[in-house]
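No value in this document is a laboratory result; all are computed from the given coordinates. The structure displayed is predicted, hence computed values, not measured ones. Backbone-built Cβ (ideal geometry, glycine too); neighbour counts: all protein chains shown.
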Amino acid sequence: MNSHKLPVGSYIRFEKPQLQAVIDRLRQLGYRTVGPRRVDEAIVYDDLRSIDELPVGYLDYQDGGVYRLRHSADGGWFDYVVGPHSLKNFLFPPRDRVLEAHREPGGWRMETPAVDEPPIAAIGVRSCDLHALAIQDRVFLEQEYVDPAYRARRANLFVLAINCRRAAATCFCHSMNTGPQVTRGYDLAATEVDDHFVVEVGSDAGGHVVTAADWVPSALADVERARQQSQALKRRMQGRQAAAATRPRHASSAAELGPAAELGPPAESGRAAELGDVPGIGAVGESDVAQHQPLGRFLDTRELPELLLSNLSHPRWEQVAERCLSCANCTLVCPTCFCSSVEEVGDLTGEHVVRQRSWASCFTAEHSYMNSGTVRKTTASRYRQWLTHKLATWHEQFGTSGCVGCGRCITWCPVGIDLTQEVAAIRGDES
Amino acid sequence: MSTAAPGAAPASPWLAHTARIRSLKPEAPGITTYELALDDAGLAERFRFRPGQFNMLYLPGCGEAAISISSDPERRGLIGHTVRVAGNVTQALARLQVGDQLGLRGPFGSSWPVDAVRGQDVVIACGGVGLAPLRPAIYHLIRHRQDYGRVFLLYGARSPHDLLYTDEFDQWRAAGIEVEMTVDLGNSDWQGHIGVVPILFYRLRLKAPRTCVLTCGPEIMMRFVIFEALARKVAKENIYISMERNMNCALSFCGHCQLGPAFVCKDGPVFPYRAMEPYLNLEEF
Ligand SMILES: Cc1cc2nc3c(=O)[nH]c(=O)nc-3n(C[C@H](O)[C@H](O)[C@H](O)COP(=O)(O)OP(=O)(O)OC[C@H]3O[C@@H](n4cnc5c(N)ncnc54)[C@H](O)[C@@H]3O)c2cc1C
Ligand code: SF4
Ligand code: SF4
């Protein structure tokens with residue numbers, strides 16, 4: 001074991017089981033290590049103490065309203081992509097305290113709750129989620145006011161990122177310039193190459209932690225192979241974008257599979273081809289993959305804010321509202337959505353009160369309620385609010401899109417509404 | 001990844017400061033003006049606001065409400081709020097007495113452009129409790145009366161009983177404010193107009209190129225005020241409106257107050273009409 005600190009920018013490799021030593025080191029340093037875990041047939045972020053807890057070999061099958069896991073003998077350690085959780089669950093947790101008030105003899109004493117939790121080390125974070133993190137930073141750290149709880153958690157966050165070598169059919173990071181290759185915001189960035197990880201050191205903390213593993217310097221060839229994996233994936237994603245442009249419409253929706261595919265195991269559907277191919281991505285020729293891989297998503301971002309804001313009365317809003325349940329799932333799984341509501345939680349005596357903020361959604365009536373009336377009464381107006389905020393007005397507010405192309409809102413929408421299709425419809429790309 | 005530099009944490013913007021009610025004046029049925037003094041003498045002395053800004057008033061166990069500051073910006077030590085009972089928080093506020101304590105955060109938001117419109121004729125058009133955020137602007141105009149041209153206050157309420165601050169109107173008139181009032185429902189004593197605020201424009205002889213309009217009230221009222229102002233050739237650039245949206249934080253974190261690209265809490269509540277023009281007539285935006 002080497003105990004010195006590796007400089008930022010170093011590339012090393014270690015055998016996969018050595019990841020345990022990295023986790024152990026993080027835990028010794030006081031971090032709460034979280035990473036992908038298989039819980040209730042989905043891969044979520046949860047406490048991860050041992051590499052035996054990783055969903056090794058699992059592949060996720062995602063489409064509009066569909067999420068399935070399948071085990072494959074040749075799946076890697078991290079060949080599933082994103083599940084319903086993101087870093088937002090930890091830095092901007094679903095429930096959080098913003099103020100405490102205590103009644104004392106002289107009157108109320110107000111105080112800011114301390115963030116009294118171990119720092120988080122997140123393992124297996126994807127590029128899209130690091131971009132989402134940067135977006136939430138803008139919201140909570142880089143505007144006029146700084147949110148103290150977010151700041152406290154964020155300052156101590158450790159990120160071990162993973163370069164994706166497989167994408168789900170719902171991913172469109174290539175359209176949003178947010179992936180699949182990790183480019184920012186990590187302490188360590190790892191790529192699975194055969195039976196080892198090629199790891200880039202991204203920070204001093206990463207350079208220290210990684211020395212816990214039994215590592216060797218990466219040969220240039222390893223680094224090149226790792227990089228090529230990401231690049232090959234990006235090319236395939238762009239390829240399906242080109243293919244989608246020439247294929248009949250709806251070819252990318254769940255509809256192409258028929259109802260059986262929605263209900264049956266993925267192995268019985270045409271979609272299985274994707275899963276079958278994936279573990280062998282390195283071995284399978286790219287043209288083969290393109291053939292077998294179902295069309296994924298892409299989002300044409302050209303002048304997108306102008307497009308949406310000049311179509312605020314487009315009939316498509318009413319059409320999507322006929323399917324949308326206004327259930328708010330899309331906003332809850334979105335790694336950038338930041339809306340919250342604050343409520344009072346008192347103890348029985350009323351002497352101690354906590355102001356608690358919890359995730360909120362623009363899909364609820366409460367969100368735009370005023371005593372003079374609810375502003376957005378219809379589902380059409382709420383969907384319009386969500387999409388125009390995400391893809392248009394977000395730019396004016398934060399200088400970036402509010403979407404990182406992670407596809408979660410497509411997968412976790414119970415009726416499979418797909419924002420890329422909604423945009424395409426408004427753009428008039430649909431027949 | 002540790003990008004945020006560690007160091008002394010800035011004070012939490014969520015932290016409410018305790019304040020006590022110093023005086024309490026019923027203005028109209030369900031509407032009371034409170035004068036508050038922050039408990040911390042230093043904070044009280046440092047507290048400054050611009051006309052049109054608001055505070056978040058907090059009643060532990062009930063919640064917070066966004067309430068405009070309605071007092072004179074030059075007055076030190078006391079902060080005025082005029083509150084209409086609407087629901088949970090405002091009802092609880094109405095039960096408080098002089099000496100009772102509550103929490104206060106602020107001031108927040110943008111303000112009426114009292115500097116930018118210097119030299120112009122000013123039309124203040126408001127309805128109901130919409131006069132509250134404009135009262136600080138009126139005090140400012142009175143204090144700097146020579147810096148402005150004619151100043152009109154066009155004010156409406158449901159009935160004569162619902163008009164705010166009527167005991168000050170003589171003073172305001174004496175200071176050169178031309179006050180016109182209207183109510184939806186008059187009574188036998190009522191000598192003023194009957195109808196909605198925009199009708200008060202009919203009697204004005206505006207010098208459009210040098211006139212600005214500041215308006216606050218229900219959105220529908222403001223839309224008609226704008227219509228009347230534009231019909232009289234007031235430039236769009238010279239119209240300012242105060243918007244209201246659900247607010248849970250006033251820090252541009254909670255997202256409830258979004259209105260197109262704007263956060264009403266931060267970019268508003270006072271907006272140049274130009275900024276809101278695309279959205280004002282859009283249903284449910
Ligand atoms: C910038 C601004 C300035 C305001 N100034 C004043 C003022 O000077 N005097 C005054 O009487 N009222 C003012 N209001 C309206 C006041 O905020 C609401 O009447 C108050 O929040 C209602 O709270 P409640 O708990 O009594 O009512 P409830 O109906 O119980 O409200 C529940 C929640 O809904 C939200 N809400 C309801 N109505 C409104 C509303 N109209 N505006 C914003 N949020 C709302 C709040 O988050 C509130 O906590 C202002 C609103 C804004 C946005
Ligand atoms: S809008 Fe959908 S695809 Fe975009 S970041 Fe949010 S969840 Fe992901
Ligand atoms: S788009 Fe889908 S997930 Fe979002 S509110 Fe509508 S039904 Fe729910």
Computed FRET value (nearest 0.05) for A:A114 with B:Q191, which takes r as the C-beta separation and R₀ as 60 Å: 0.45
Sum of -39500 (n - 2.57) over DSSP H runs of 4+, divided by residues of chain B (222 nm, nearest 500): -4500 deg cm²/dmol
Full-stretch length increase - A:D40, A:E53 - with 0.36 nm per residue and alpha-carbon distance subtracted: 3.3 nm
Residue-count net charge about B:V98 - beta-carbon cut-off 13 Å; Lys, Arg +1, Asp, Glu -1: +2
Residues of the range A:326-363 with amide N under 17 Å of a point placed 7 Å along Cα→Cβ from B:D39: A:350-355
Relative contact order computed over the range B:121-242 (Cα-Cα under 8 Å; 6+ residues apart), in percent: 30 percent
Residue-span extension gain [B:I220 to B:S159] - 0.36 nm each, minus C-alpha spacing: 20.1 nm
Cβ-based exposure ranking for B:T82, B:T32, in which fewest neighbours within 10 Å come first: B:T32, B:T82
Mean separation of Cα contacts under 8 Å, 6 or more apart, over the residue count of chain A: relative contact order %: 23 percent
Listed residues A:V34, A:V354, A:V82, most fluctuating in chain A (Gaussian network, C-alpha, under 10 Å): A:V354
Cβ-based exposure ranking for B:E244, A:E318, A:E343, in which fewest neighbours within 10 Å come first: A:E343, A:E318, B:E244
For residues of B:243-252, the mean tally of beta carbons on other chains within 10 Å: 5
For chain A, projected area of the alpha-carbon convex hull averaged over all directions, nm²: 23.7 nm²
Contact order normalised by residue count of the range B:50-115, Cα under 8 Å, 6+ apart, percent: 45 percent
GluC sites (Glu not before Pro) within the range A:382-431: DSSP coil, no more than 16 neighbouring Cβ in 10 Å: A:E430
Mean ellipticity per residue at 222 nm, deg cm²/dmol - from DSSP H runs of n ≥ 4 across chain A, formula -39500 (n - 2.57): -9000 deg cm²/dmol
Cα-based reach from B:K207 at 21 Å (exclusive), listing lysines while leaving out same-chain residues under 8 positions away: B:K233, B:K236
Whole-Hz couplings from phi, Karplus 6.51/-1.76/1.60, listed for the range B:145-152; x for Gly and Pro: 4, 5, 7, 10, x, 5, 10, 10
Cross-link reach list, aspartates and glutamates versus A:K5, counting only Cα pairs under 20 Å and skipping chain neighbours closer than eight places: A:E15, A:D24, A:D187, A:E200, A:D204, A:D214
Choice from B:A132, B:A19, B:A11 showing the highest fluctuation, given a GNM over chain B with Cα pairs closer than 10 Å: B:A11
Per-pair calculated FRET efficiency, R0 = 22 Å: B:T166 and B:R22 via Cβ, rounded to 0.05: 0.50
Filtered GluC sites (Glu not before Pro), the range A:97-185: DSSP coil and at most 16 other beta carbons within 10 Å: A:E142, A:E144
Shielding of B:214-220 by partner chains, average beta-carbon count, 10 Å: 1
Label-point separation, B:Y279 to A:R184 (7 Å along Cα→Cβ), nm: 2.6 nm
Cα-projected label distance for B:R75 with A:L220, points at 7 Å along beta-carbon direction, nm: 7.8 nm
Candidate lysines for bridging to A:K88, where Cα separation is under 26 Å - those fewer than 8 sequence places away on the same chain excluded: A:K234, A:K390, B:K266
Cut-off 11 Å (backbone N to label point 7 Å along Cα→Cβ of A:R323), residues of the range A:152-184: none
Among A:A167, A:A365, A:A213, residue whose mean-square fluctuation peaks in a GNM of chain A (springs only between Cα atoms under 10 Å): A:A365
10 Å Cβ neighbours from other chains, averaged over peptide A:337-343: 5
Inter-site label distance for B:D184 and A:M370 at 7 Å from Cα along Cβ, in nm: 1.6 nm
